[in-house]
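K.L.:
Before we start, here is the structure in question, set down as C-alpha coordinates.
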Amino acid sequence: MSNAISLTGGRPMRPLAWVLLAVLLPLLGACGVNNVPTYEEQAKAAWAEVQNQYQRRADLIPNLVETVRGFAAQEREVLTAVVEARAKATQTTINADQLTDPAAVERFQAAQNELSGALSRLLVTVERYPDLKSNQNFLALQSQLEGTENRIAVARRDYIERVRVYNTELRTIPGRWIAGILYPEAEPMQAFEATEGAATPPSVNFGTN
(Lines give C-alpha, C1' and ligand atoms only; values in the text may rest on other atoms or scores of the structure.)
Protein backbone atom coordinates (compact mmCIF):
# COMPACT_ATOMS: atom_id res chain seq x y z
CA MET A 1 0.00 0.00 0.00
CA SER A 2 2.81 2.36 0.88
CA ASN A 3 4.44 1.67 -2.49
CA ALA A 4 1.28 2.63 -4.34
CA ILE A 5 1.06 5.87 -2.39
CA SER A 6 4.65 6.74 -3.11
CA LEU A 7 4.18 6.07 -6.81
CA THR A 8 1.22 8.37 -7.07
CA GLY A 9 3.06 10.88 -4.92
CA GLY A 10 5.67 11.28 -7.65
CA ARG A 11 8.96 10.65 -5.83
CA PRO A 12 9.67 7.21 -7.36
CA MET A 13 9.10 8.83 -10.78
CA ARG A 14 12.32 10.83 -10.50
CA PRO A 15 14.53 8.05 -11.90
CA LEU A 16 12.21 7.87 -14.89
CA ALA A 17 12.56 11.59 -15.37
CA TRP A 18 16.34 11.21 -15.40
CA VAL A 19 16.05 8.44 -17.98
CA LEU A 20 13.91 10.65 -20.18
CA LEU A 21 16.36 13.51 -19.75
CA ALA A 22 19.27 11.26 -20.66
CA VAL A 23 17.45 10.27 -23.82
CA LEU A 24 16.35 13.77 -24.75
CA LEU A 25 19.65 15.58 -24.23
CA PRO A 26 21.51 13.75 -27.00
CA LEU A 27 18.52 14.30 -29.27
CA LEU A 28 18.54 18.01 -28.48
CA GLY A 29 22.26 18.16 -29.09
CA ALA A 30 21.87 16.35 -32.39
CA CYS A 31 19.25 18.85 -33.57
CA GLY A 32 21.59 21.78 -32.83
CA VAL A 33 20.22 23.17 -29.59
CA ASN A 34 23.61 24.76 -28.87
CA ASN A 35 24.24 26.08 -32.37
CA VAL A 36 22.90 29.58 -31.77
CA PRO A 37 25.18 30.50 -28.84
CA THR A 38 28.10 28.62 -30.39
CA TYR A 39 27.87 30.45 -33.71
CA GLU A 40 27.32 33.74 -31.91
CA GLU A 41 30.51 33.34 -29.88
CA GLN A 42 32.44 32.36 -32.99
CA ALA A 43 31.26 35.51 -34.77
CA LYS A 44 32.23 37.65 -31.77
CA ALA A 45 35.67 36.04 -31.68
CA ALA A 46 36.10 36.76 -35.39
CA TRP A 47 35.11 40.38 -34.74
CA ALA A 48 37.74 40.66 -32.02
CA GLU A 49 40.34 39.64 -34.60
CA VAL A 50 39.08 42.31 -37.01
CA GLN A 51 39.53 44.91 -34.28
CA ASN A 52 43.00 43.60 -33.44
CA GLN A 53 44.16 43.99 -37.01
CA TYR A 54 42.70 47.48 -37.37
CA GLN A 55 44.44 48.43 -34.14
CA ARG A 56 47.70 47.03 -35.48
CA ARG A 57 47.34 49.32 -38.49
CA ALA A 58 46.56 52.32 -36.29
CA ASP A 59 49.68 51.63 -34.23
CA LEU A 60 51.86 51.75 -37.35
CA ILE A 61 50.57 55.11 -38.56
CA PRO A 62 52.35 57.49 -36.13
CA ASN A 63 55.78 56.13 -37.13
CA LEU A 64 54.77 56.20 -40.79
CA VAL A 65 53.65 59.82 -40.58
CA GLU A 66 56.80 60.92 -38.74
CA THR A 67 59.02 59.15 -41.25
CA VAL A 68 57.26 60.79 -44.18
CA ARG A 69 57.35 64.17 -42.45
CA GLY A 70 61.13 63.89 -42.14
CA PHE A 71 61.46 63.79 -45.92
CA ALA A 72 58.33 65.61 -47.08
CA ALA A 73 57.32 68.13 -44.42
CA GLN A 74 55.70 70.27 -47.12
CA GLU A 75 53.01 67.61 -47.56
CA ARG A 76 51.30 69.00 -44.50
CA GLU A 77 47.74 68.65 -45.79
CA VAL A 78 48.11 64.97 -46.62
CA LEU A 79 49.85 64.20 -43.33
CA THR A 80 47.20 66.07 -41.34
CA ALA A 81 44.44 64.14 -43.11
CA VAL A 82 46.03 60.83 -42.09
CA VAL A 83 46.47 61.92 -38.48
CA GLU A 84 42.87 63.16 -38.24
CA ALA A 85 41.48 60.05 -39.92
CA ARG A 86 43.44 57.84 -37.52
CA ALA A 87 42.09 59.75 -34.53
CA LYS A 88 38.53 59.35 -35.78
CA ALA A 89 39.00 55.65 -36.51
CA THR A 90 40.44 54.89 -33.08
CA GLN A 91 37.66 56.84 -31.37
CA THR A 92 34.90 55.12 -33.34
CA THR A 93 34.71 51.89 -31.40
CA ILE A 94 32.16 49.09 -31.38
CA ASN A 95 31.91 46.18 -28.98
CA ALA A 96 30.55 42.72 -29.66
CA ASP A 97 27.14 43.56 -28.20
CA GLN A 98 26.70 46.30 -30.84
CA LEU A 99 27.17 43.99 -33.80
CA THR A 100 23.40 43.72 -34.16
CA ASP A 101 23.14 47.51 -34.62
CA PRO A 102 23.45 48.43 -38.33
CA ALA A 103 24.13 52.09 -37.55
CA ALA A 104 27.01 51.28 -35.19
CA VAL A 105 28.64 48.92 -37.68
CA GLU A 106 28.19 51.47 -40.47
CA ARG A 107 29.89 54.20 -38.41
CA PHE A 108 32.81 51.93 -37.62
CA GLN A 109 33.23 50.90 -41.24
CA ALA A 110 32.97 54.48 -42.49
CA ALA A 111 35.72 55.62 -40.10
CA GLN A 112 38.02 52.78 -41.18
CA ASN A 113 37.31 53.46 -44.85
CA GLU A 114 38.16 57.12 -44.34
CA LEU A 115 41.49 56.13 -42.83
CA SER A 116 42.16 53.74 -45.73
CA GLY A 117 41.52 56.58 -48.17
CA ALA A 118 43.83 58.96 -46.32
CA LEU A 119 46.58 56.35 -46.26
CA SER A 120 46.18 55.71 -49.98
CA ARG A 121 46.60 59.42 -50.71
CA LEU A 122 49.68 59.55 -48.52
CA LEU A 123 51.25 56.60 -50.31
CA VAL A 124 50.64 58.23 -53.68
CA THR A 125 52.40 61.35 -52.41
CA VAL A 126 55.41 59.27 -51.36
CA GLU A 127 56.11 58.44 -55.01
CA ARG A 128 57.49 61.95 -55.47
CA TYR A 129 60.31 61.38 -52.93
CA PRO A 130 62.91 58.81 -54.04
CA ASP A 131 65.03 59.33 -50.92
CA LEU A 132 62.05 58.50 -48.73
CA LYS A 133 61.24 55.37 -50.72
CA SER A 134 64.75 54.06 -50.13
CA ASN A 135 64.86 54.89 -46.41
CA GLN A 136 65.32 51.71 -44.35
CA ASN A 137 62.86 52.72 -41.66
CA PHE A 138 60.29 53.49 -44.32
CA LEU A 139 60.91 50.16 -46.04
CA ALA A 140 60.33 48.36 -42.74
CA LEU A 141 57.08 50.25 -42.22
CA GLN A 142 56.10 49.41 -45.79
CA SER A 143 56.49 45.70 -45.10
CA GLN A 144 54.56 45.87 -41.83
CA LEU A 145 51.73 47.89 -43.35
CA GLU A 146 51.43 45.56 -46.30
CA GLY A 147 51.20 42.55 -43.99
CA THR A 148 48.66 44.29 -41.79
CA GLU A 149 46.43 45.21 -44.72
CA ASN A 150 46.45 41.59 -45.81
CA ARG A 151 45.58 40.41 -42.30
CA ILE A 152 42.73 42.93 -42.16
CA ALA A 153 41.34 41.51 -45.40
CA VAL A 154 41.53 37.95 -44.04
CA ALA A 155 40.00 38.91 -40.67
CA ARG A 156 37.12 40.72 -42.38
CA ARG A 157 36.47 37.74 -44.63
CA ASP A 158 36.43 35.35 -41.67
CA TYR A 159 34.08 37.61 -39.72
CA ILE A 160 31.67 37.92 -42.64
CA GLU A 161 31.57 34.12 -42.97
CA ARG A 162 30.95 33.62 -39.23
CA VAL A 163 28.13 36.15 -39.32
CA ARG A 164 26.63 34.40 -42.34
CA VAL A 165 26.60 31.08 -40.50
CA TYR A 166 25.08 32.61 -37.36
CA ASN A 167 22.42 34.60 -39.21
CA THR A 168 21.49 31.57 -41.32
CA GLU A 169 20.98 29.56 -38.14
CA LEU A 170 18.57 32.19 -36.82
CA ARG A 171 16.57 32.22 -40.05
CA THR A 172 16.29 28.53 -40.83
CA ILE A 173 14.59 25.60 -39.15
CA PRO A 174 15.23 24.17 -36.59
CA GLY A 175 17.55 26.99 -35.53
CA ARG A 176 14.77 29.54 -35.81
CA TRP A 177 12.55 27.49 -33.50
CA ILE A 178 15.33 26.80 -31.01
CA ALA A 179 16.29 30.48 -30.87
CA GLY A 180 12.66 31.48 -30.34
CA ILE A 181 12.32 29.13 -27.37
CA LEU A 182 15.75 29.09 -25.73
CA TYR A 183 17.49 32.25 -27.00
CA PRO A 184 14.78 34.86 -27.60
CA GLU A 185 17.34 37.68 -27.20
CA ALA A 186 19.40 36.46 -30.16
CA GLU A 187 19.40 38.89 -33.09
CA PRO A 188 21.09 38.81 -36.52
CA MET A 189 24.51 40.42 -36.65
CA GLN A 190 25.66 42.98 -39.20
CA ALA A 191 28.42 42.13 -41.65
CA PHE A 192 30.54 44.66 -43.49
CA GLU A 193 28.81 46.02 -46.55
CA ALA A 194 30.76 45.76 -49.77
CA THR A 195 32.40 49.04 -50.72
CA GLU A 196 34.35 50.03 -53.78
CA GLY A 197 37.80 48.52 -53.57
CA ALA A 198 36.93 46.45 -50.50
CA ALA A 199 37.86 43.20 -52.23
CA THR A 200 41.55 44.15 -52.26
CA PRO A 201 43.67 45.89 -49.62
CA PRO A 202 45.18 49.30 -50.45
CA SER A 203 48.40 49.04 -52.42
CA VAL A 204 51.53 49.71 -50.42
CA ASN A 205 54.01 49.01 -53.21
CA PHE A 206 56.32 52.00 -53.33
CA GLY A 207 58.19 50.90 -56.41
CA THR A 208 61.21 49.65 -54.45
CA ASN A 209 63.22 46.61 -55.48
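The values are calculated or read from the model by the stated rules, or taken from the named source; none is laboratory data. For clarity, every value in this text was computed on a predicted model and none was experimentally measured. Positions of Cβ are backbone-derived with ideal geometry, glycine not excepted, and every protein chain shown enters the neighbour counts. What goes into the accessible areas is simple: the full protein's heavy atoms, side chains included, and nothing from ligands, DNA or RNA. Shrake-Rupley method; radii C 1.70, N 1.55, O 1.52, S 1.80 Å.
K.L.:
Would you list S120, S143 from the most to the least accessible area, probe 1.4 Å?
P.N.:
Reading off the accessible areas and sorting them downward yields S143, S120.
K.L.:
Hey, rough spin-label estimate for S143 and A58, points 7 angstrom out along Cα→Cβ, what's it come to in nanometres?
P.N.:
2.6 nm
K.L.:
Could you state the number of Å between the C-alpha centres of the range 162-186 and the range 49-87?
P.N.:
41 Å
K.L.:
Let me ask something else. Let me know the shape class of the range 42-186, please: from the alpha-carbon gyration tensor, a ≥ b ≥ c as square roots of the eigenvalues, rounded when a/c is under 1.5, otherwise prolate if a/b is greater than b/c, or oblate.
P.N.:
Prolate, since a/c reaches 1.5 and a/b exceeds b/c.
K.L.:
Hey, got the dipole for the range 38-175? About the Cα centre, +1 on K and R Cβ, -1 on D and E Cβ, debye to the nearest 20?
P.N.:
Using Cβ point charges on Lys, Arg, Asp and Glu, the range 38-175 gives about 180 debye.
K.L.:
Between T168 and Q74, 0.36 nm times their residue separation minus their Cα-Cα distance comes to what?
P.N.:
28.6 nm
K.L.:
Mind ordering 34-40, 172-178 by average Cβ neighbours within 10 Å, highest first?
P.N.:
Output ranking for 34-40, 172-178: 34-40, 172-178.
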